[in-house]
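The values are calculated or read from the model by the stated rules, or taken from the named source; none is laboratory data. This one's a predicted model, so the numbers in the text were calculated from it and none came from an experiment. Backbone-built Cβ (ideal geometry, glycine too); neighbour counts: all protein chains shown. Remember, those area values only see protein heavy atoms, side chains included, never the ligands or the DNA or RNA. Shrake-Rupley method; radii C 1.70, N 1.55, O 1.52, S 1.80 Å.
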Amino acid sequence: MIQYRREFHRYPEVGWTEYRTSARIAEMLESFGYEVYIGKDVCDEQTRMGVPEQERLIQCEQRALEENISQSYMKRMKGGYTGVVGIIRGNFGKNIQAMRFDIDALPICEVETEKNKTYSSVHEKVMHACGHDGHIAAGLGLAEILSQNREKIDGEIRLIFQPAEEECRGAASIVRRGWLEGVSLFLSGHIGIQCREIGMVAACTGGFLATTKLNIHFHGQASHAANAPEKGRNALLAAAVFTMNAYGISRSSEGDSRLNVGRFISGTGRNIISDSADLEVETRGENAKVNIYMRDRVESIAKAAAQMYDVDCRIDRVGDVGTAKSDEELIKMCKSHLDLMGIGDKYIENGIFNASEDAVTMMNEVQKNGGKAAYFMFGTELLGEHHQNTFDFNEDVLAIMAETYSRILLKK
C-alpha cells in the first residue's frame, strides 16, 4: 500500500482529470478479479459539477497518454469521465455493501522535503495535499484482502473510487448513476483531519459542514486608464467591493458558518481599466439552513457590486453538499473490531469532522433508502496541515484503514 500511495502521490490529478489515476486503479482491480466499471458507466453526464474547460481536459488526456495509460481506458474516460467502480461477489447472500475512496488532488505546488524527495509530484502546481492518495492505496489494499477472502463475503461489495471530491463536485453524479441503490451498508473515511495520533480512529457522528462552491464572473469594459477612464466599466473594482463586503456578512444565530474567496483573477495591465474578474468562492454552514443563508447573501452582494460599477455578473454553482450523521449501531460495532486489532483504547465515538465532505451525498442516499452509513477519521501524525504545500502523513495509517474496513465488511 505504501508503494501504491507513493505512485499516486507522484502523479496527482485534479477533479475530473484523474485519467492516469483511474486507469491504474482499474488495472489493479482487474488483476484482483473484480468486475470493473469506468467512464460514463460510473458518472452521470448531466449531474457532474465544475467540469474543467475542454481545452484543459484535452491537455490532461494527452499527458495521461504520455504516461502510458491504455488507449482503451482513455476512450471510455474521454471528456472528464473519470472514477472507477469495482465489484466483488461472495459465495452466499444477496446483501450489498459499498465503500467510497476519493481520488483527486489539489492545485497546489508541492514543496520537496527530506521525506518526500523520492515521490514528490511530477505535475506542475498539482499535489496530493489532503491524503486522497492514501485513501486510494488503502482502498486497493482492501480490494486485495477481499479478493483473498471471497468465500466470506455476504453478497456483493462495491468499491467506489470517486473523482472530484474537492469542492464537492463528484458524488452526486455517482448517486444519480445508481451505484448506491440497494446498498445496506456504506462506509467511507479520511486520514488525519481531527485525528493526529497513529492508531486513533474516530467515528464522525457530526460536524459535517454544508457547503456551496461558486464561480463568480464580473464582465465590464476595458479602456485607457489615463486618456478615457470614464469610458471603462471596471470589473476589478466590482470584484474587490464584493470581496470586502462578503467578508462582512452578519453571521447567523442558527449555527456556525464559513466564507472564503480563494481565488481572484483580474486585469491585463496597469494602464488598462479591467474588463473582467473571476473569483472562486465557497460558503459553509453548520447546517443546510445556515449555508443557504450565507450563499444567498454572497450572491446578493455580488449582484449589488456589479450594479454599482455597471458591469455584468454571472454566478455559477459548481459544487454543493449537505450534512449527515453516522448511524449509532455502526459506531458501536466498530469498537469490537478495533479491540481485536489492539487499538480499541484509541477509539473515539463522537468525532467532529468540522469540514465538508462529498461522501455525505452518498451517506444520505443510503440512509434515505433504509441502509446504514458511517464515516471514520483515521489518526496519523501530519507534516504540514491539510491543503498546505508540505502536507504528508505517517503511512502506517494505511494498514489500519484497510484492516478496519475489511473486518467490518467481512464481519471478522
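What number goes with the only condition from (1) touching a residue at least 60 places away in the same chain (Cβ under 8 Å); (2) farther than 28 Å from H386 by Cβ that A228 does not pass?
Every listed condition holds for A228 apart from (1).
Going by the structure shown, is T47 polar (S, T, N, Q), in a loop (DSSP other than H, G, I, E, B) and surrounded by fewer than 22 Cβ atoms within 10 Å (Cβ to Cβ)?
yes
Yes or no: A373 closer than 24 Å to E197 by Cβ, aliphatic (A, V, I, L, M) and open to solvent by less than 30 Å² (accessible area, probe 1.4 Å)? Give the derivation first.
Working: closer than 24 Å to E197 by Cβ: no; aliphatic (A, V, I, L, M): yes; open to solvent by less than 30 Å² (accessible area, probe 1.4 Å): yes.
In short, no.
Just one of G182, G79, G93 is part of a strand (DSSP E or B) and farther than 19 Å from A402 by Cβ; which is it?
Checking each option against the conditions leaves just G93.
If you take the residues of the stretch 281-303 that are in contact (Cβ under 8 Å) with a residue 12 or more places away in the chain and small (G, A, S), which of them is most open to solvent (accessible area, probe 1.4 Å)?
A288
Could you check the stretch 185-207 and list, in sequence order, the residues that are among the β-branched types (V, I, T), surrounded by fewer than 23 Cβ atoms within 10 Å (Cβ to Cβ) and outside any loop (DSSP other than H, G, I, E, B)?
Hit for the stretch 185-207 is T205, nothing else.
Against the definition (within 16 Å of F378 (Cα to Cα), touching a Gly at 6+ places or on another chain (Cβ under 6 Å) and at pLDDT below 95), how does I331 come out, yes or no?
Considered against the rule, which asks whether it is within 16 Å of F378 (Cα to Cα), touching a Gly at 6+ places or on another chain (Cβ under 6 Å) and at pLDDT below 95, I331 comes out as no.
I157 fails exactly one of the following numbered conditions: (1) in contact with a Ser or Thr (Cβ under 6 Å, 6 or more places away or on another chain); (2) surrounded by 24 or more Cβ atoms within 10 Å (Cβ to Cβ); (3) farther than 27 Å from E254 by Cα. What is the number of that condition?
(1)
Quick one: count up the residues across the stretch 126-179 that are touching a residue at least 12 places away in the same chain (Cβ under 8 Å) and assigned to a loop (DSSP other than H, G, I, E, B).
So the answer is 17.
Condition first: surrounded by 13 or more Cβ atoms within 10 Å (Cβ to Cβ) and in contact (Cβ under 8 Å) with a residue 60 or more places away in the chain. Now tell me which residues in the stretch 329-347 satisfy that.
L330, I331, M333, C334, H337, L338, M341, I343, K346, Y347
Are any residues in the stretch 18-69 charged (D, E, K, R), farther than 21 Å from G139 by Cβ and touching a Gly at 6+ places or on another chain (Cβ under 8 Å), and if so, which ones?
Residue satisfying the conditions is R48 alone.
Can E112 be described as out of contact with any Pro (no Cβ under 9 Å at 6 or more places or on another chain), surrounded by fewer than 22 Cβ atoms within 10 Å (Cβ to Cβ), of a type in the set (D, E) and not in a loop (DSSP other than H, G, I, E, B)?
no
Could you count how many residues in the stretch 1-31 are open to solvent by 30 Å² or more (accessible area, probe 1.4 Å), under 23 Å from T118 (Cα atoms) and either among the polar types (S, T, N, Q) or assigned to a helix (DSSP H, G or I) (or both)?
7
What tally of residues in the stretch 260-280 results from selecting those that are surrounded by fewer than 19 Cβ atoms within 10 Å (Cβ to Cβ) and of a type in the set (A, V, I, L, M, F, W, C)?
Total meeting the criteria: 4.
Test each condition in (1) in contact with a helix residue (DSSP H, G or I) (Cβ under 6 Å, 6 or more places away or on another chain); (2) open to solvent by less than 70 Å² (accessible area, probe 1.4 Å) for Y34 and report the one that comes out false.
(1)
Could you please find all residues in the stretch 96-109 being within 14 Å of the chain's Cα centre (by Cα), surrounded by 24 or more Cβ atoms within 10 Å (Cβ to Cβ) and assigned to a strand (DSSP E or B)?
Matches in the stretch 96-109: R100, F101, D102.
Pick from E403, E385: which is of a type in the set (D, E) and part of a helix (DSSP H, G or I)?
E403
When you go through E385, E403 one by one, which is the residue that is closer than 30 Å to K117 by Cα, without any contact (Cβ under 8 Å) to a residue 60 or more places away in the chain and open to solvent by 30 Å² or more (accessible area, probe 1.4 Å)?
E385
Being open to solvent by 10 Å² or more (accessible area, probe 1.4 Å) and more than 22 Å from the chain's Cα centre (by Cα) is the filter here; which residues of the stretch 77-95 pass it?
Residues satisfying the conditions are R89, G90, N91, F92, G93, K94, N95.
Working only within the stretch 88-115, note down all residues that are over 22 Å from A374 (Cβ atoms) and acidic (D, E).
Matches in the stretch 88-115: D104, E110, E112, E114.
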